[in-house]
Amino acid sequence: MRIDWVPASAASLIAGVTSLGLGAALLPGGDSAADSIGLVEQHDSRWLAVSLLFFIAAVGMTLGLPAILKLFPNRGFLLGIIGSGVFLIGCLGTAGYAMLLAFFRALALSNAIRPEAVGEVVDDPGLAGFLVVWIAAFFLGELLLGLALLRARTTPRWVPVLLIAHVATLPLSSLVPDLDGSWTIVLMCLGFAGAAIAANTRELPRDATSPH
């Protein structure tokens, strides 16, 4: 009996990107370290929910990568493999970021951290390096997957276009301060959801022709 894992992987991908979108929309933002600590104290349950959503997103997107790989039978296979590997690093970094948020919440609620200390921690080269690698891997992996899907032509054209468009909004965020990243991430969510649906749909003709 053949175990059809593609629907489960595709569902995990959709759940992962949806959780990431919700987490990004709910994440409270502060202009300073003191604001961040105050936000944790005022929105304790919301901060914890965001941490949980980011962790679920990391797990879901990781489990959803095999479904993405089904979209590269021939064309774009090498680029898809590289993009998936780079994006996996970004997914693992998302799990680490979720743990950092939960740890920061615990420190803020126990009054074990000062605003001045938060600034010093943020400026730490090791932490800054981790964040740069995580963000770079996430968006580079998304870009490579978008380009691979364009080459593979196994999804509707709008799927890779949305993924590439989401990456293209990165430089715009510094030029247009009012451009909220929690809204532009919808492009990524829709793109990966479309890829997951396409991966699952590719299995249907084979199943429909199998003997009963």
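The values are calculated or read from the model by the stated rules, or taken from the named source; none is laboratory data. None of the values given here were measured: they were computed from a predicted structure. Don't worry about glycine lacking a Cβ; one is built from the backbone with ideal geometry, like all the others, and counts go over all protein chains shown. We work out accessible area using only protein heavy atoms, side chains counted, and drop any ligands, DNA or RNA first. Shrake-Rupley method; radii C 1.70, N 1.55, O 1.52, S 1.80 Å.
Taking only the alpha-carbon positions of the stretch 7-81 and ignoring solvent, what does the Debye formula give for the base-10 log of I(q)/I(0) at q = 0.15, 0.19 Å⁻¹? Ignoring solvent entirely, the Cα scatterers give -0.61, -0.77. Values of log10 I(q)/I(0) for the stretch 73-179 across q = 0.10, 0.15, 0.23 Å⁻¹ run -0.42, -0.78, -1.19, by the Debye formula with one identical scatterer at each alpha carbon and no solvent. Rg/Rh, computed from the Cα trace of the stretch 70-112 with Rh as the Kirkwood radius, has the value 1.39. Other residues whose C-beta falls under 13 angstrom from the C-beta of Phe77 contribute a net charge of +4, scoring Lys and Arg +1 and Asp and Glu -1. Annotation: per residue accessible area for the stretch 43-138 equals 51 Å², rounded to a whole number [probe 1.4 Å, protein chains only]. Neighbours of Leu53, meaning other residues whose beta-carbon lies under 14 angstrom from its beta-carbon, give a summed charge of +2 when Lys and Arg score +1 and Asp and Glu score -1. So, taking all protein chains as they sit and a 1.4 Å probe, how much accessible area belongs to Arg105, in Å² rounded to tens? For Arg105, the solvent-accessible surface is approximately 50 Å². Working note: Debye formula, equal point scatterers on the alpha-carbon atoms of the stretch 11-156, no solvent; log10 I(q)/I(0) at q = 0.19 Å⁻¹ is -1.08. The calculated FRET efficiency for the pair Ala106 and Ile81, based on their C-beta separation and a Förster distance of 35 Å, comes to about 0.35. Solvent exposure of Ile113, expressed as accessible area, is near 30 Å², computed with a probe of 1.4 Å over the protein chains only.
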